[in-house]
Structure formats: structure tokens, C-alpha cells
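Undergrad: For reference, the structure I am asking about is given below.
Please treat every number below as a calculation from the coordinates, not as lab data. Remember, it's a predicted structure, so these values are computed and weren't measured experimentally. Here the Cβ positions follow ideal geometry from the backbone for every residue, glycine too, while neighbour counts run over all protein chains shown.
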Amino acid sequence: MNFNKFYQAIAQNRLSHWLNTLPAQLTTWQKEHLHGEFAQWQKTLNALPKTLPEFFGALKVSTTLAFIGTNLMEIIEPHGKGLGHLFDSGKISADYPLMFAVLITLAVMGIFLYYIVVYLENIFAGWAIRK
């Protein structure tokens, strides 16, 4: 489409000022509306590394609590097939060495999961660890 006649018609009447300022207005509008929140996003992205110590602290707690919760559900669930069910079957048959072995295994697995998170924390947020 050719808009030359349209522009010439606008340029000859009182809208000529608008025609001259339109490109600058469009550029300003694009910067404000299309990229206006870029500064806010940039601040957020710059602040993310500062939150890593709190994130990994929460991850340490949530990993161990989730591990405890899943094993408790295996003990309660009648059709469980994991270590919680093995613990429950040892309780029913009064096999105390089995129950003790399951508890030690669960403790070792929980500590292992905790130290996996500690290792990841050392990789990603090692700068924040106090020594």
C-alpha cells in the first residue's frame, strides 16, 4: 500500500505537527510499553543470586522432611512396598533387628540426601557459606 497521498494530505493541514512528532512518540511508546518492565525484570534477575543461601537452607529442611513424610506414609499405607512397609512388617512380626536395620538405612539415606543438597549449595552458593 502506498501512503504517500495520505501523508501529503496530513502534512498540508493542521495535523502536520502530529505527523512530525509521530515517529518519536511511537519510539517512546515502544520503549515504555514493550520494554518498560525490563528494568524491573533486570533488578529481579540481579537479586536472584542473593537469595540462594535462603533457598538452599529451605531446600535442606524440605528434603529431609519430605523424606520423613514419605516413609511415614509407607508405614501407614497398607499396600506400601518400600522401607516403611518393611519397617511395619518387622513391627508386626516383632523382628526388632529388621526394624533397627530399616531405621539405620533411613537415617543414612536422609543424611545422604542432606549432603547432596549441601554439595549443591557449595557449587551454586559457595560464596555465601561461612567458614
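Undergrad: Placing one identical point scatterer on every Cα of region 47-128 and ignoring solvent, what is log10 I(q)/I(0) from the Debye formula at q = 0.11, 0.16 Å⁻¹?
TA: One equal scatterer on each Cα of region 47-128 leads to -0.40, -0.66.
Undergrad: Separate question: Please arrange 73, 99 by counting, for each residue, the other beta carbons lying within 10 Å of its beta carbon, fewest first.
TA: 73, 99
Undergrad: So what is the relative contact order of the chain, in percent, for Cα pairs below 8 Å that sit 6 or more residues apart?
TA: 22
Undergrad: Scanning the chain for helices, which whole DSSP H stretches are 24 Å or more long along the axis (Cα) and average 1.0 or more by Kyte-Doolittle?
TA: Taking the DSSP H segments of the chain (at least 24 Å long, mean hydropathy at least 1.0), we get 96-125.
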